Each structure stands twice: as structure tokens, then as C-alpha cells.
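Working notes, beginning with the structure itself.
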Amino acid sequence: MILKSLDWAFLRAQACVHAEGELQDKLHLDLALRQVASTELCSEYGCSAEALAKLQAQGEQLKSEPGLYGSETTAAAINQVWYLDLTISSDEPVVIPPTTLDLRLPVDNTQSLWLPSICTPCKNIRPKGMLEYNTSFTSHICNLAPMGAFFSAEGINKLAFALSDCKNIVNVNIGAYEEEEAARITFTLFSQPLPATNSYRVSLRLDTSTLPVFNALQNITRYYEREVNNDIMPVPEGALEPVYSTWYAFLQNLEEKEIEEQCALAAEAGCKTVIVDDGWQTDDNNRGYAFCGDWQVSTKRFPHMKEHVQRVHALGMKYMVWFAVPFIGSKSQHHEEYKDYCLCFNPRWNAYVLDPRFKKVRDFLVNTFANMVKTYDLDGLKLDFIDEFDMRQADEKAQAYNAERDTQSLPEAVDMLMTEVRAALSAIKSDILIEFRQNYVGPMIRKFGNMFRAHDCPNDTLMNRMTTTDVRAMTGNDRHATAVHADMFIWSPLESVESSSLNFIHTLFAVPQVSPNFKHLNEEHRAMVKHWLTFWHDHRELLMYGQMYALHPEFMYTILGARLGAQEIMVVGSDHTLELFSCPETKELTLVNGAMKTDFVVRLPKSNEQEGAPVTVNTKTYDCLGRLVSEYSLDLSQKIQEITLPKSGYIVMQRS
């Protein structure tokens, strides 16, 4: 066993290589700390010198407030960035044994924890407080990222962390460590052996900026863009257009004439793309993936596939289809040919999981996808289940060495596969659309897809709000940002339009995907869909490229907003006192009611100066169908007052 320790500021770190015998003598371990100079913090935080000075002044003010910091040591270390570098080396190639990097920090108003994954038995609930240390998640090239943040009761970042190794398997244990009244993070590396090497280096970025935790997470994304992946797949116009999905409305029960009729109604409502999900490749309707892997169009469901795609194109819509990338189903014609080129047989899916370390497998998948796009003039693919490429489920045969493989590293093979897929599809269509789904939305996957969708959450507007916001934090906030899509909206035709509007309102900061059977919607519901898709499209620039903020992460982000130039949109999802026009540049503020209540308490921002003069704004109030409800002038001041909004409606306020 080889140990190295470092203590600094309020943090304690220890690295441990679990080596024994001769291997222990061959390996060298180094643990070094780098502090980012104050002159380099603008680059770390993606801000101007003026904005950095403002952040530092805000930090000094926060230190003087009671409650936020109990420890002078913790308070003295705010608005700093460190890099902890772990290096393992050897004079000859060796298989590095399991290695841990352990970090401990005091619980000083550290009330909650952001992670890139839901770590509770119920996938639809984010823990609202601190998790116990036995909480864990695993990251690798196609599953999440080794990142997170501790934050205060006020939603302010206390310590944001990000490990640089986003390709290989990293197990993360994190949470309250009761034995020491501390918070603890342990990164376990090489739990799955990697090929022999002379050296390995990984860096842990640690950030104590006093930013809202959402913005601290965005800075992690900037770090990953600089250090891990700067080859982000271009995002064409089509990735930023509303989508109609067949999944929730029809599941596997697909038929080309029905899809064309649905697309006509969806196009009229404002959708520009259709994703035809599972079912196009099989006559079977029993769910599961036993028939995946042949990827031939069902002529029973789609007797005229080429002409069908052409007719949808004539509606002004792009056409995408779904693939379960790793699966060769037990009832597919290909399973006999490929079962010896698989990681395992997964009884849950009733399918084999392909092993992309074999060139035969990669060629099969790349050619399958490319031929489908060329043959039917498709505009994109929804590539599903790539997180099943996971050595943790590999059987004994897949774990053993095999000289026929191009690489023994599965993460490396996934990188090779997806690089080949991107190249082949982009050569056919430079504006090809590729959708991935949470949890495979980490920094390396941004090389291979330009549409990242939130995890499945049918009929769950709150989960959709939280997951789309989480993914927004991980995908950039500039013109190179990967397009984040909401999970598809589905609702009961019996619902009120106010209730069903929440699907759109809570995910305004993501590209909408809808999945109702339009024929089951009455005229009012269709008008509601058309209104919100029009509203989203009219404000797309602001919603997708504005300076986004996300408050109250412990409550799944009950205030969301963005500013761009003189415009701002704020979505409120609960009962808050709302500070309006907190940015001096904002001249037009649209406040959207996602709280299913009608009375809101508002005021202008408080300041340390004497109360200023009231501000007069001209207002227009609309209901959830976009109908004008009222128009009046309103005097705002630092004193609280109530305004009235229709449920799922909004008010547009303009000041001179």
C-alpha cells in the first residue's frame, strides 16, 4: 500500500494505491497541489475582471453575514480554485491496482449536495439535504461525470469538485461522514483493470467560489471543455427546434399512415422534427429488446418507408429514428453471429450487449446507422442505451484478454466507435442530428451528439424541470452549447389546459419534445400546445443563449431565469418573494407562473442604500393560451406588494 497526504485551507486529502509485494516497489505515487493565481480566476470563472471584482466583493459581504460561515478557516478560502494532481508512474508498464483519492472537509453550513445523478431508490426525487457517505455513483465515458458540489442553505456553492478522468470507470462515494463530523468524497480508480501503462495522471479541480451552485457547475463545464473535450459536435439549427416523439403516445404500436397524420397535426402546432421511436424495426409489441439487432424496417408497419419519409419531409419536418445501440436481441437473426462478440447477455433486456472492442462490432454498427440514413434520407438518429457499454456487467469471457480486439479498454473502444459513427454520419449529412439521453450526457459524449435529452419522466413536470436544468449546467451556455431537450410531454386529455401547460412552463429552458396523440386532444389543448411552442420559439434566443440562473436547487429549482441584452424571462414554480428587475440592463421582464397559484409577492431588489424611487412599468397579462387578460401600469418599489397572474399565465413588464 502506498500513501500520500496533503492538508491545506480547510481540506484534507489522501491518495492510496492498493499495491502489494513487488508491484508496490515498482510504483511511484505523487500528490501535488496547484492554486490558481488571482490573475487567472477570470478564465476559471468565465467572467470579466469587473465581474470577478464584484464576486469577490460579494464574498467579503457574505463573510460578514451571520450563519453562512462558522469557521474563519473556511471563510478565508472562498473564491479560490485549486488543482490536486495525482500521478502514478513506473519504470515499466504495469497494471495499476485500485487507487483511491479521499477528500474531507468540515460541515460548515454545508446543507445539501448536487450530484449529476439521482442517488435515491426513487429516480424522481432529488435528496433535499446532505446524503450519507455510503451514497455512490459511477462515471465513465458514457455515464455521467465525476463531478458535484456541496452548497449552503442559501444555495451558494461551498465546494464544487470535478475529476479530470471522464473516460475510465470512476466510483464516487460522497456525503456526510458521521465518524468525523465531516463531509467526505472518495474517488476509486482502477476498480476495473486498465491495460498496463508507465504512467497515469488525474487532476481534481476544487472551487470555493461564492456563486449560486448552478453557476459553479457551469464553470466545471468550462473546465471540461478546456481540459477534457474541445471537439464538441456542432449544433445545427434542427437541434434547436421542437420535436414530436411517437414513444409515449404509441409505444411500439407504430404505423406509417398514423404517423403521417400525427406529424401533420404536430407540424401545425409548431414541431419541426419527428423522432420515430422503438417499434419501426419489429412486428412485436411486447416491449423489451429481444428483436433488436437486425434493424430492418418492418414492412408490415411501414410498407412504403422511403415514400413515407418523403411525405413527412413535405410537411416541413425532419425525420429521426431510434436505435438501441448495444443490443443484439435473443430473437434477432444476428444473435448467433454476434453472441461471441458481446460483453454479456442481459436477461433484463433479453438481449446480448455488444462489445465494441471488436472491429467487427464497430463496423456492423457504423454501417447499419449509415445505411439507414442514406437509404431513407433520414435527418438524424436517437442512439439509446450506450451506457450499457459497461465493464461492470461484463462476463468472464469478456473480462479475459483477447488478442482479436483492437483494444482491451472498453472506454477506449466506445470512444473509437462513437468517433467512427460521428464521422460516417456527418459525411452523409453535415447537419446530422444525434440524440443521447441522460445519464449518458457527460463531457466526452458532447463529441458525439448534439441533442441531450432529460431522463424518462412521463407526466412528471417537476422531474423534467430538475433534470433539464441539471443537464443545462453540464452542456455549456454559449453558441457551442449542446442542445438540451426536455423529456417528451404527455398528459391526460382530461386535464385542464392550466395543468397541462406546466409541461411547457417548467422546461422552458430546454427544447420542447411533445408526445401526445394529437387526435385525442380537443381544440383547447391543441391551441395550448401551439401557443407554448410559439412562445418558446419566439423567445428561443433568450431561453437557450441567455445568461441563465437557477435558484433553490434543494427544491428542484423553483426559480429559473435568463437574461440577454434588455430582456429577461423568469419562471417561478413555488411561493417566493420575487425580486424583479435585479439586473439594471433589463428593460423587459416576462414572469411566467408555474406555481398553480394566482397571487405573488414582488418587489424591487433591496440595497444597502436609501430606498430609491418607485419604478413604473407597463404590463400586459396573458393566460396559458396566450390571450390578453389585462393591461395596466404598475409602480414597483423595494416595499413588497402583490400582483395577480392567471394560473400558468404570464405577465410582460416593460420599463423605460
Tell me whether region 637-653 contains one or more residues that are in contact (Cβ under 8 Å) with a residue 60 or more places away in the chain, under 21 Å from residue 212 (Cβ atoms), touching a strand residue (DSSP E or B) at 6+ places or on another chain (Cβ under 6 Å) and of a type in the set (Ser, Thr, Tyr).
no
Selection status of residue 196, hydrophobic (A, V, I, L, M, F, W, C), farther than 28 Å from residue 550 by Cα and surrounded by fewer than 19 Cβ atoms within 10 Å (Cβ to Cβ):
yes
Since residue 643 meets every condition but one in (1) more than 25 Å from residue 269 (Cα to Cα); (2) of a type outside the set (S, T, N, Q); (3) assigned to a loop (DSSP other than H, G, I, E, B), which condition does it not meet?
(3)
So if I check each of 11, 29, 6, 41, which one is at pLDDT 95 or above, open to solvent by less than 70 Å² (accessible area, probe 1.4 Å) and more than 16 Å from residue 82 (Cα to Cα)?
29
What's the number of the only condition in (1) open to solvent by 10 Å² or more (accessible area, probe 1.4 Å); (2) assigned to a helix (DSSP H, G or I) that residue 283 fails to meet?
(2)
List pairs: first in region 82-97 and closer than 26 Å to residue 45 by Cα, second of a type in the set (Gly, Ala, Ser) and surrounded by fewer than 16 Cβ atoms within 10 Å (Cβ to Cβ), Cβ under 6 Å, 6+ apart or cross-chain?
85/32
Subset tally (residues that are within 17 Å of residue 532 (Cβ to Cβ) and open to solvent by less than 70 Å² (accessible area, probe 1.4 Å)) for region 597-627
6
Filter region 444-462 for residues that are under 16 Å from residue 141 (Cα atoms) and open to solvent by 10 Å² or more (accessible area, probe 1.4 Å) and give the result.
444, 447
Only one of these is touching a His at 6+ places or on another chain (Cβ under 7 Å), among the hydroxyl-bearing types (Ser, Thr, Tyr) and either at pLDDT 95 or above or outside any loop (DSSP other than H, G, I, E, B) (or both): 223, 244, 248, 319. Name it.
319
Looking at region 85-102, is at least one residue surrounded by 16 or more Cβ atoms within 10 Å (Cβ to Cβ), modelled with pLDDT of 90 or more, among the acidic types (Asp, Glu) and assigned to a loop (DSSP other than H, G, I, E, B)?
no
On the basis of being open to solvent by less than 10 Å² (accessible area, probe 1.4 Å), at pLDDT 95 or above and either among the aliphatic types (A, V, I, L, M) or over 21 Å from residue 263 (Cα atoms) (or both), does residue 542 make the cut?
yes
Got at least one residue in region 512-522 being surrounded by 21 or more Cβ atoms within 10 Å (Cβ to Cβ) and polar (S, T, N, Q)?
yes
Looking at region 226-234, can you tell me whether even one residue there is open to solvent by 40 Å² or more (accessible area, probe 1.4 Å), more than 19 Å from residue 149 (Cβ to Cβ) and touching a residue at least 40 places away in the same chain (Cβ under 8 Å)?
yes
Looking at 396, 388, which is the one that is of a type in the set (Asp, Glu) and touching a strand residue (DSSP E or B) at 6+ places or on another chain (Cβ under 7 Å)?
388
Hits in region 546-594 - residues which are open to solvent by less than 60 Å² (accessible area, probe 1.4 Å), polar (S, T, N, Q) and under 21 Å from the mean Cα position of the chain (by Cα)
558
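The values are calculated or read from the model by the stated rules, or taken from the named source; none is laboratory data. Please read these numbers as outputs of a predicted model, since none were measured by experiment. Note that we place each Cβ from the backbone using ideal geometry, even for glycine, and neighbour counts take in every protein chain shown. These accessible areas exclude ligands, DNA and RNA; they are computed on the full protein's heavy atoms, side chains included. Shrake-Rupley method; radii C 1.70, N 1.55, O 1.52, S 1.80 Å.
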